[in-house]
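Following: one structure in structure tokens, then a few remarks.
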Amino acid sequence: MGRTLENKKAIVAELQETLSQSQLTLVIDYKGLTVAEITDLRKRLRPTGTVCKVTKNAFMRIAVDGNQAWQPLQSFCQETSAFLLVKDDLGGAIKAYQDFQKVTKKTELRGGVMEGRSLNADQVKAIGDLPSKEQLMAQIAGAINGVATKLAVGINQVPSSLARGIKAVSEKEAA
């Protein structure tokens with residue numbers, strides 16, 4: 001019996017550790033998924049820095065109890081729950097889950113929690129529609145390059161304009 005208690009404590013501690021590194025947690029009802037399908041979901045999520053935890057709701061409730069950032073997860077802990085703990089690429093993780101859902105049509109997104117706030121399925125989808133950090137960086141770099149190019153062209157035109165002006169003045173004085 002003591003060993004089982006130790007195992008339960010280890011599971012809760014591991015959940016708490018993973019949560020501490022996560023920005024967003026999604027809760028899905030995974031009823032009807034095969035082991036192969038759960039493995040497929042995990043493979044799809046791995047490149048986004050997301051961990052898929054299939055655990056008892058009771059363990060997750062204990063893991064988030066007293067933690068303001070994750071406490072809202074308790075309301076999603078019902079029936080068969082899988083928890084997608086997203087560390088980095090929020091949009092990528094949501095898109096990977098949505099692609100998986102389109103293929104299997106077996107899961108249901110209950111919602112999620114981010115920064116202590118409970119999110120419904122529509123709010124999660126809206127986060128998934130936001131551009132990734134890489135896309136934003138590319139857009140910013142493109143905008144900066146555009147401004148720099150215009151500035152360089154403008155600066156290059158100053159000497160030629162100045163030269164034309166001086167030449168016009170000198171021709172006028174010579175006449």
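The values are calculated or read from the model by the stated rules, or taken from the named source; none is laboratory data. Small disclaimer: the values here were computed from a predicted structure and weren't measured. Methodologically, a virtual Cβ is constructed for each residue, glycine included, from the backbone with ideal geometry; neighbour enumeration extends over all protein chains shown. The protein model used for the area step is the full one, side chains on, heavy atoms only, and it has no ligands, DNA or RNA in it. Shrake-Rupley method; radii C 1.70, N 1.55, O 1.52, S 1.80 Å.
Report the local net charge at D122: Lys and Arg +1, Asp and Glu -1, summed over other residues whose C-beta lies under 13 Å from its C-beta.
Value of the local net charge: +1.
Which trypsin sites (Lys or Arg not before Pro) in the range 79-134 pass both tests, a DSSP loop state and at most 15 other beta-carbon atoms within 10 Å?
Taking the range 79-134 and a limit of 15 other Cβ atoms within 10 Å, the loop trypsin sites (Lys or Arg not before Pro) found are K87, K105, K106.
Just list whichever of K8/K106; K8/K95; K43/K102; K8/K43; K8/K125 have alpha carbons separated by over 24 Å in the model shown.
Violating the 24 Å Cα-Cα cut-off are K8/K106; K8/K95; K8/K43; K8/K125.
Between the DSSP loop rule and a limit of at most 13 other Cβ atoms within 10 Å, which trypsin sites (Lys or Arg not before Pro) in the range 18-52 are left?
Sites meeting the loop and neighbour criteria: K31.
For the chain, which longest stretch is free of loop sites, where a loop site is one of the GluC sites (Glu not before Pro) that DSSP puts outside H, G, I, E and B and that has at most 16 other Cβ atoms within 10 Å?
The answer is 1-78.
Be a star and scan the range 80-122 for residues whose amide nitrogen sits under 18 Å from the point 7 Å along the Cα-to-Cβ vector of E37.
Inside the label zone: 80-84, 96-111.
Can you list the lysines whose alpha carbon sits under 17 Å from that of K9, skipping same-chain ones fewer than 8 residues off?
Partners found: K53, K56.
What is the dipole size for the chain, taken about its Cα centre, with +1 at each Lys and Arg Cβ and -1 at each Asp and Glu Cβ, in debye to the nearest 20?
260
Compute the Kirkwood hydrodynamic radius of the chain, taking the inverse of the mean of 1/r over all pairs of distinct Cα atoms, and give it in Å to one decimal.
Working: mean 1/r = 0.0512 Å⁻¹.
This gives a value of 19.5 Å.
Applying 1/(1 + (r/R0)^6) with R0 = 35 Å to the Cβ-Cβ distance of N145 and V103, what FRET efficiency is obtained, to the nearest 0.05?
Once the sixth-power term is evaluated, E becomes 0.35.
Give me the 1.4 Å probe accessible area per residue for the chain, excluding ligands and nucleic acids, in Å².
Per residue, the chain has an accessible area of 63 Å².
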